[in-house]
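These notes are about the structure you will find just below.
Read-outs throughout are calculated quantities, based only on the coordinates presented, and are distinct from any laboratory measurement. This structure is a prediction, so every number in the text was calculated from the model and none was measured. No Cβ is skipped: glycine too gets one built from the backbone with ideal geometry, and neighbour counts run over all protein chains shown.
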Amino acid sequence: MSLPYPTREEIARLSARMLLEIKAVDFNAETPFTYASGLKGPTYVDCRRIISFPRVRQTLMDFLAATVMRDAGFEAFDNVAGGETAGIPFAAMVAERLGLPMTYVRKKPKGYGRNARIEGVMTEDQRVLLVEDLTTDGGSKLSFVDAIRDTGASCGHTAVIFYYGIFPETTQRLADHGVRLHHLCTWWDVLAEAREQKAFDEATLNEVQTFLSNPRAWQAANS
Ligand SMILES: O=P(O)(O)OC[C@H]1O[C@H](OP(=O)(O)OP(=O)(O)O)[C@H](O)[C@@H]1O
Ligand SMILES: O=C(O)c1cc(=O)[nH]c(=O)[nH]1
């Protein structure tokens, strides 16, 4: 007998709890982190740690496969592509669960050999699901999706474990590019769980909440 899918809320709560438990979450208001986009903030989540924790890894990947099937359809994809670097192991695990071929996308052409951005076999009739660890403002997703589309394949969906959920333009930016985002949890889920567990001191949690509520104002005040 297979278990019913957990609700979206349960997935978000448990995913946030797992990220805290494996110490993938870091809050530091004193020395802000710099993100791939160049933006800065007091929050950092290192989803790369997930691969080293088998029970967490398995559960999160079950959640991600279930979320994709529930939101996009059970027969919606022909190929699962991972974004270099952090997306690659998660794409392999999602592809296994969905029973689909796997590929990966380089950030840049290799520069020699086939000079490819896509590795593995991707054909122009395929509907590709882009899998990544997280998205902050979506910039790298657009580049990966363009590389996939350059092969002639289609890509209208990306699935991530973690979505920042604080830059309102992110989902619009992706939507304008014809890409729908699927995710398990956001900073709001992690903050709620961190407060419940008292995982960080009150001042740090309040500072993080200030950032999450208005990241642009926080960045202006802290640059
Ligand atoms: O651009 P966004 O969609 O908001 O996502 C942010 C990206 O930044 C990080 O990767 P990074 O470029 O640091 O490389 P890595 O995967 O090689 O660690 C992260 O793994 C995401 O892929
Ligand atoms: O946007 C990023 O570069 C980024 C943010 C974050 O919290 N964690 C991460 O690995 N990358």
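So for the chain, averaging the separation of alpha carbon pairs under 8 Å that are six or more residues apart and normalising by length, what relative contact order in percent results?
Over the chain, the number comes to 20 percent.
If you average 1/r across every pair of different Cα atoms in segment 8-213 and take the reciprocal, what Kirkwood value do you get, in Å?
After inverting the pairwise mean of 1/r, the radius is 17.4 Å.
Label Glu10 and Glu30 with points 7 Å out from Cα along Cα→Cβ: what is the distance between them in nm?
Inter-label distance under the simple model: 4.1 nm.
Could you calculate the FRET efficiency of Arg55 with Lys110 from 1/(1 + (r/R0)^6), where r is the beta carbon distance between them and R0 is 41 Å, rounded to 0.05?
Efficiency, from the Cβ-Cβ distance: 0.70.
Restricting the count to DSSP beta bridges whose residues both fall in the chain, what percent are antiparallel, rounded to a multiple of 5?
So the antiparallel bridges in the chain amount to around 25 percent.
Check cross-link reach from Lys40 to the lysines: straight Cα distance under 27 Å, and skip same-chain residues fewer than eight apart.
Lys23, Lys107, Lys108, Lys141, Lys198
At 7 Å along Cα-to-Cβ for each site, give me the label-to-label distance between Asn214 and Ala92 in nm.
The modelled label-to-label distance comes out at 4.5 nm.
Scan around Cys155 for amide H atoms under 5 Å from its own, H built in the peptide plane at 1.01 Å from N, and keep only partners 5 or more places away or cross-chain.
Answer set, sorted by chain and number: Val128.
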